[in-house]
Amino acid sequence: MDILFENLALIPRLLEEVQRLNSRLDSVSVELKTGTQVMRYLDISKTTLFNLRESGRLEEGVHYKKVHEKLEYIPEGIVEFKREYVKHTKGQHASTIALDAFISKFAA
């Protein structure tokens with residue numbers, strides 16, 4: 001079996017597309033409208049959720065909106081935030097690490 005090295009260059013784009021599609025699936029399959037749901041999904045405390053909003057890491061209009069003086073979270077924004085938040089604070093999922101390691105072997 002011959003491996004075309006040109007095709008290996010497509011792997012990062014494929015990974016991005018898979019991650020984007022997974023995010024869309026997550027936001028469809030997970031209810032993320034309330035603070036309690038978001039805290040459970042992100043595995044954080046009420047204080048941490050408050051601090052994320054106050055520090056601007058959760059942005060109004062991107063991650064949440066105010067509806068009649070109550071906060072309503074935007075599922076797509078929360079799913080995207082989790083992907084970045086987990087990457088920077090708790091590490092990456094094992095399969096993502098393995099795939100990144102595989103890709104890095106071919107990246108120049």
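The values are calculated or read from the model by the stated rules, or taken from the named source; none is laboratory data. Since we're looking at a predicted model, the values are computed, not measured. Heads up, the Cβs are rebuilt from the backbone with ideal geometry, glycines too, and the neighbour counts pull from every protein chain shown.
Some observations on this one:
- Complete set of residues in segment 37-63 that are in contact (Cβ under 8 Å) with a residue 24 or more places away in the chain and over 16 Å from R83 (Cα atoms): Q37
- When we screen E60, E76 for residues that are over 30 Å from E6 (Cα atoms), of a type outside the set (S, T, N, Q) and at pLDDT 95 or above, the only hit is E60.
- Considered as a group, the residues in segment 10-36 that are among the hydrophobic types (A, V, I, L, M, F, W, C) and surrounded by 13 or more Cβ atoms within 10 Å (Cβ to Cβ) include one that is nearest to F81 (Cα to Cα), and that residue is L32.
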